Amino acid sequence: MINQVPIPPSGTDPTKVDRDKVHDQLDEWIRKGTVTPAPTDGESNPLYFIFLPPGCDIDPSGASGFHSWDYFYVWTSGVEDPDVLGLLWAVVKTPAFANPNSTANQFVNKVARIASHELAESLTDPVSDGFVTDDGCEISDLCEQLSTFKCGNWDVELYYSNWDNSCIRGDQPISLRRFLKAIDIDGTTGLRQLQSDVINVDFIASKM
């Protein structure tokens, strides 16, 4: 996480938002410097999380959150064509508890469940060309009916794993043995054949 920006009510806040409204508002916030940092050439796809104020709904109604993307145009002085960067965002609806005695922890855990759902899908299907099943489900949709698990202090959702063919916890370590099997490497002959001094998550991701 790079930055947190609380934005006070303006008096004209919408009671319902959709993809286009979120894009237009986020674009305006970034250009005015209200939300920082802006996308740059060095980091063209930061993910902006937007937590809606209480009472603000999502269109279509019934959704607890969504993620999407669009382009962010940067005009350089003296250059006719703008640089085209990626603008990725996720929106989380602030839940309303019927019980006025709900604790702060209960409230945050409700938000954490939605946020973990949208985070996993933003990372695996950021621009609508990633992990999506034939019937339109993303990596968290397949697991949202299951129980959450504790990640630190928060209740977060499981997400689907092709390796496991089931829903898994995101805090579980990657199995080196299963990674080697997935890329058809015989682990009994040593790891030198990978020709890398470092075998970490980035290395594994680059081979998959």
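In the range 25-45, what residues are over 26 Å from residue 96 (Cα atoms) and touching a residue at least 40 places away in the same chain (Cβ under 8 Å)?
27, 30, 39, 40, 41, 44, 45
Restricting the search to the range 34-52, which residues are over 17 Å from residue 85 (Cα atoms) and more than 19 Å from the chain's Cα centre (by Cα)?
34
Starting from residues that are free of Cβ contacts under 8 Å to residues at least 24 places away in the same chain and in a strand (DSSP E or B), keep the ones in the range 46-73 and report whichever is nearest to residue 111 (Cα to Cα).
Here the answer is 71.
Does the range 120-130 hold any residues that are farther than 13 Å from residue 144 by Cα and part of a helix (DSSP H, G or I), and which are they? Walk me through it before giving the result.
Residues of the range 120-130 farther than 13 Å from residue 144 by Cα: 122-130.
Within the range 120-130, 122, 123, 124 qualify.
Just checking, which of 128, 175, 196, 166 is under 28 Å from residue 86 (Cβ atoms) and of a type in the set (S, T, N, Q)? Can you show your working first?
Numbers: 175 fails: under 28 Å from residue 86 (Cβ atoms); 196 fails: under 28 Å from residue 86 (Cβ atoms); 166 fails: under 28 Å from residue 86 (Cβ atoms).
The unique qualifying residue is 128.
Among the residues of the range 174-205 satisfying the criterion of being in a loop (DSSP other than H, G, I, E, B) and of a type in the set (A, V, I, L, M, F, W, C), which is farthest from residue 140 (Cα to Cα)?
Filtering the range 174-205 down to residues in a loop (DSSP other than H, G, I, E, B) leaves 174-175, 183-186, 190-191, 195-200.
Adding the requirement that they be of a type in the set (A, V, I, L, M, F, W, C) leaves 174, 183, 185, 191, 198-199.
Values: 174: 18, 183: 25, 185: 30, 191: 33, 198: 30, 199: 27 Å.
Here the residue is 191.
Among 156, 132, 127, which is the only one that is touching a strand residue (DSSP E or B) at 6+ places or on another chain (Cβ under 6 Å), of a type in the set (Val, Ile, Thr) and within 30 Å of residue 52 (Cα to Cα)?
Of 156, 132, 127, the one residue that is touching a strand residue (DSSP E or B) at 6+ places or on another chain (Cβ under 6 Å), of a type in the set (Val, Ile, Thr) and within 30 Å of residue 52 (Cα to Cα) is 127.
Filter the range 147-173 down to residues that are part of a loop (DSSP other than H, G, I, E, B), of a type outside the set (Lys, Arg), within 20 Å of the chain's Cα centre (by Cα) and surrounded by 12 or more Cβ atoms within 10 Å (Cβ to Cβ), then give me how many there are.
The qualifying residues number 4.
Considering the range 84-127 alone, what residues qualify as being of a type in the set (Gly, Ala, Ser) and without any contact (Cβ under 8 Å) to a residue 24 or more places away in the chain?
The initial filter retains those residues of the range 84-127 that are of a type in the set (Gly, Ala, Ser), namely 86, 90, 96, 98, 102, 104, 112, 115-116, 120, 122.
Once the filter is applied, which keeps residues that are of a type in the set (Gly, Ala, Ser) and without any contact (Cβ under 8 Å) to a residue 24 or more places away in the chain, the range 84-127 yields 98, 102, 104.
Looking at the range 107-137, which of its residues are surrounded by 14 or more Cβ atoms within 10 Å (Cβ to Cβ) and more than 21 Å from residue 170 (Cα to Cα)?
107, the sole residue that qualifies.
Yes/no per residue for (1) closer than 30 Å to residue 70 by Cβ; (2) of a type in the set (A, V, I, L, M); (3) modelled with pLDDT of 90 or more:
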| position | (1), (2), (3) |
| --- | --- |
| 129 | yes, no, no |
| 138 | yes, no, yes |
| 168 | no, yes, yes |
| 172 | no, no, no |
| 176 | no, yes, no |
| 190 | no, no, no |
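I'm trying to understand the selection: among the residues of the range 17-45, which are assigned to a loop (DSSP other than H, G, I, E, B), out of contact with any Phe, Trp or Tyr (no Cβ under 6 Å at 6 or more places or on another chain) and not aliphatic (A, V, I, L, M)? If you could, list the steps in order and put the result at the bottom.
Of the residues in the range 17-45, the ones assigned to a loop (DSSP other than H, G, I, E, B) are 18, 33-45.
So of that shortlist, the ones also out of contact with any Phe, Trp or Tyr (no Cβ under 6 Å at 6 or more places or on another chain) come out as 18, 33-34, 36-38, 40-45.
Listed by number, the residues that qualify are 18, 33, 34, 36, 37, 40, 41, 42, 43, 44, 45.
May I ask you to list the residues in the range 1-19 that are within 18 Å of the chain's Cα centre (by Cα) and either loosely packed, with under 13 Cβ neighbours inside 10 Å or farther than 24 Å from residue 124 by Cβ (or both)? Walk me through how you get there before you give the answer.
Taking the range 1-19 and keeping what is within 18 Å of the chain's Cα centre (by Cα), we get 1-5, 18-19.
1, 2, 3, 4, 5, listed by residue number.
Answer with yes or no whether residue 95 is under 28 Å from residue 124 (Cβ atoms), out of contact with any helix residue (DSSP H, G or I) (no Cβ under 7 Å at 6 or more places or on another chain) and modelled with pLDDT under 80. Walk me through how you get there before you give the answer.
Numbers: under 28 Å from residue 124 (Cβ atoms): yes; out of contact with any helix residue (DSSP H, G or I) (no Cβ under 7 Å at 6 or more places or on another chain): no; modelled with pLDDT under 80: yes.
Considered against the rule, which asks whether it is under 28 Å from residue 124 (Cβ atoms), out of contact with any helix residue (DSSP H, G or I) (no Cβ under 7 Å at 6 or more places or on another chain) and modelled with pLDDT under 80, residue 95 comes out as no.
The values are calculated or read from the model by the stated rules, or taken from the named source; none is laboratory data. Just so you know, these numbers come straight off a predicted model, no measurement behind them. Neighbour counts are summed over all protein chains in view; Cβ atoms, including those assigned to glycine, are modelled from backbone coordinates with ideal geometry.
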